[in-house]
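A quick write-up on the structure given underneath.
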């Protein structure tokens, strides 16, 4: 592992990177059409949710009833997205779903929330891709500028505070804050 390039020890060789068996889930042509329509309509400034919900469903997302999706939202692969009834997706939310993302009912993802399902093995010379799904259970709230890491489950009713980073499971009906997020207070479901 490693080597030398220009007299400097190399432990990361991006020239050797490949996505080893990662399946994008759709043909390249479908992905290109999605990217164009996402730029034109989905992440645009155009107000309203109906056209966004329609587009996501058209490209394979499972979207419940009365879901609100605000301008500026970016979804990597709609065919790997499920959103339950009455959930809200705020302005500039980025769902980088290389793996499945499931968002429950009555959930709120506030503006600027980032859901990241992919990372890389920093111990691998070839920077191997690692993808893990994210689940946000019913009645959870991811507040503005919060981040959820690959493989995290946000349990029912959990709250992730402003600018916080969830790197592991968030317990049901607890409020989390910080980087990494720590439980700070229990939340009553009543």
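The values are calculated or read from the model by the stated rules, or taken from the named source; none is laboratory data. Values in this document were obtained by computation on a predicted structure and should not be read as measured data. Backbone-built Cβ (ideal geometry, glycine too); neighbour counts: all protein chains shown.
May I ask you to verify whether residue 136 is buried (at least 17 other Cβ atoms within 10 Å of the Cβ) and closer than 19 Å to residue 63 by Cα? Quick ask: steps written out before the conclusion?
Working: buried (at least 17 other Cβ atoms within 10 Å of the Cβ): yes; closer than 19 Å to residue 63 by Cα: yes.
Criteria met by residue 136.
With the condition kept exactly as written, say whether any residue in the stretch 54-61 is in contact with a helix residue (DSSP H, G or I) (Cβ under 8 Å, 6 or more places away or on another chain), touching a residue at least 40 places away in the same chain (Cβ under 8 Å) and assigned to a loop (DSSP other than H, G, I, E, B).
No; the residues of the stretch 54-61 include none that is in contact with a helix residue (DSSP H, G or I) (Cβ under 8 Å, 6 or more places away or on another chain), touching a residue at least 40 places away in the same chain (Cβ under 8 Å) and assigned to a loop (DSSP other than H, G, I, E, B).
Mind checking whether some residue in the stretch 151-171 is part of a loop (DSSP other than H, G, I, E, B), within 14 Å of the chain's Cα centre (by Cα), touching a residue at least 12 places away in the same chain (Cβ under 8 Å) and surrounded by 21 or more Cβ atoms within 10 Å (Cβ to Cβ)? Please lay out each step first, then the result.
Let us first name the residues in the stretch 151-171 that are part of a loop (DSSP other than H, G, I, E, B), namely 151-152, 155-158, 161-164, 167-169, 171.
Add one more test, that the residue is within 14 Å of the chain's Cα centre (by Cα), and what stays is 151-152, 167.
Narrowing the set further to residues that are touching a residue at least 12 places away in the same chain (Cβ under 8 Å) leaves 151-152, 167.
If we keep only those that are surrounded by 21 or more Cβ atoms within 10 Å (Cβ to Cβ) too, we end up with 152.
Yes, the stretch 151-171 has at least one match.
For residue 55, work out the one condition from (1) buried (at least 17 other Cβ atoms within 10 Å of the Cβ); (2) more than 20 Å from residue 142 (Cα to Cα); (3) modelled with pLDDT under 95 it doesn't fulfil.
Just one mismatch for residue 55, condition (3).
Of the conditions (1) at pLDDT below 95; (2) under 22 Å from residue 133 (Cβ atoms); (3) in contact with a strand residue (DSSP E or B) (Cβ under 8 Å, 6 or more places away or on another chain), residue 2 fails just one. Which one is it?
Exception for residue 2: condition (2).
Being in a strand (DSSP E or B), touching a strand residue (DSSP E or B) at 6+ places or on another chain (Cβ under 9 Å) and either at pLDDT below 95 or buried (at least 20 other Cβ atoms within 10 Å of the Cβ) (or both): is that true of residue 184 here?
Against the criterion (in a strand (DSSP E or B), touching a strand residue (DSSP E or B) at 6+ places or on another chain (Cβ under 9 Å) and either at pLDDT below 95 or buried (at least 20 other Cβ atoms within 10 Å of the Cβ) (or both)), residue 184 does not qualify.
Only strands (runs of 3 or more DSSP E) wholly contained in the stretch 90-132 count here; list those with 2 or more residues that are surrounded by fewer than 23 Cβ atoms within 10 Å (Cβ to Cβ) and free of Cβ contacts under 8 Å to residues at least 24 places away in the same chain.
Values: elements: 94-96, 101-103, 114-116, 118-120, 129-131.
Result: 94-96.
Can you run down the residue pairs with Cβ atoms below 8 Å, 6 or more apart or on separate chains, where the first is in the stretch 19-40 and on the phi < 0 side of the Ramachandran plot and the partner is surrounded by 14 or more Cβ atoms within 10 Å (Cβ to Cβ) and assigned to a helix (DSSP H, G or I)?
24/31; 26/34; 26/79; 34/78; 37/55; 38/55
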